[in-house]
Amino acid sequence: MRAFSQSEILAAFTGATRSEVKRVTFPENFNEVDFDRLEFFGWRDRKIPRRSYVVVDAESGPVALLLTRAEAKPRGRAMCSWCNDVNLTNEAVLYTVRRAGAAGRRGATLGALVCDNFGCSKNARQLPPAFHKGTDLDAVRAERIADLRRRVTAFAAEVCSEA
Ligand SMILES: [Zn+2]
């Protein structure tokens with residue numbers, strides 16, 4: 001994804017109130033984030049419990065989402081719906097996002113099971129645990145990265161859709 005500045009990200013929030021955006025705390029290592037190796041940028045707000053954010057590089061520009069982590073954990077080990085990591089490297093938890101516009105003001109939300117630490121981009125770059133001889137691993141990896149990007153972008157588009 002393209003690299004975005006903090007002010008670009010703050011200006012890109014959708015479905016969040018102005019006061020919520022004002023309280024956003026960026027991770028301490030923000031300046032070291034390697035956006036080249038990410039399909040989206042997600043982080044936890046270290047000052048607000050259960051609050052996380054995700055930035056997606058959409059065609060029209062960055063889209064930033066405010067996520068609330070569900071209090072209840074999914075039963076058993078859940079698979080992330082974005083990276084579909086079959087190794088279950090990270091714990092997937094349920095996040096909800098308020099929808100944009102009028103629907104969001106009426107309280108409409110969307111949910112997604114996502115890696116708790118937003119390690120999806122890293123997972124997508126890992127090789128599958130088992131593969132046949134002759135498998136084009138670079139192609140497999142490229143496809144996993146493309147899938148992740150497509151799923152995250154689709155989720156952001158759904159949040160933004162007023163339908
Ligand atoms: Zn994931």
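The values are calculated or read from the model by the stated rules, or taken from the named source; none is laboratory data. On a predicted model such as this, the values are computed, not experimentally measured, just so you know. All Cβ positions, even for glycine, are placed from backbone atoms using ideal geometry, and neighbour counts span all protein chains on display. Surface accessibility is based on the protein's heavy atoms, side chains included, excluding ligands, DNA and RNA. Shrake-Rupley method; radii C 1.70, N 1.55, O 1.52, S 1.80 Å.
Rundown of residues vs (1) assigned to a loop (DSSP other than H, G, I, E, B); (2) modelled with pLDDT under 90, yes/no style:
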position: Leu88; (1), (2): yes, yes
position: Val114; (1), (2): no, no
position: Asn117; (1), (2): yes, no
position: Phe131; (1), (2): yes, yes
position: Gly134; (1), (2): yes, yes
position: Ala142; (1), (2): no, no
position: Asp147; (1), (2): no, no
position: Ala157; (1), (2): no, no
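Filter the stretch 71-87 down to residues that are surrounded by 13 or more Cβ atoms within 10 Å (Cβ to Cβ) and over 18 Å from Ser52 (Cα atoms) and give me whichever is farthest from the ligand (Cβ to nearest atom). Break it down into steps so the answer makes sense when it comes.
Pass one, the stretch 71-87, residues surrounded by 13 or more Cβ atoms within 10 Å (Cβ to Cβ): 73-74, 78-85.
Checking the rest, the ones that are also over 18 Å from Ser52 (Cα atoms) come to 78-79, 84-85.
Details: Ala78: 10, Met79: 8, Asn84: 8, Asp85: 5 Å.
Ranking the candidates gives Ala78 first.
Looking for something part of a loop (DSSP other than H, G, I, E, B), within 12 Å of the ligand (Cβ to nearest atom) and surrounded by 13 or more Cβ atoms within 10 Å (Cβ to Cβ) - is there at least one such residue anywhere in the stretch 97-110?
Within the stretch 97-110 (the criterion being part of a loop (DSSP other than H, G, I, E, B), within 12 Å of the ligand (Cβ to nearest atom) and surrounded by 13 or more Cβ atoms within 10 Å (Cβ to Cβ)), the answer is no, since none of the residues qualifies.
When the residues of the stretch 8-62 are filtered to those that are part of a loop (DSSP other than H, G, I, E, B), more than 23 Å from Asn123 (Cα to Cα) and of a type in the set (S, T, N, Q), which remaining residue is least open to solvent (accessible area, probe 1.4 Å)?
Taking the candidates together, the pick is Thr25.
For the stretch 113-121, does any single residue satisfy the condition of being touching an Asp or Glu at 6+ places or on another chain (Cβ under 9 Å), surrounded by 13 or more Cβ atoms within 10 Å (Cβ to Cβ) and among the acidic types (Asp, Glu)?
So far as the stretch 113-121 goes, yes, one or more of its residues are touching an Asp or Glu at 6+ places or on another chain (Cβ under 9 Å), surrounded by 13 or more Cβ atoms within 10 Å (Cβ to Cβ) and among the acidic types (Asp, Glu).
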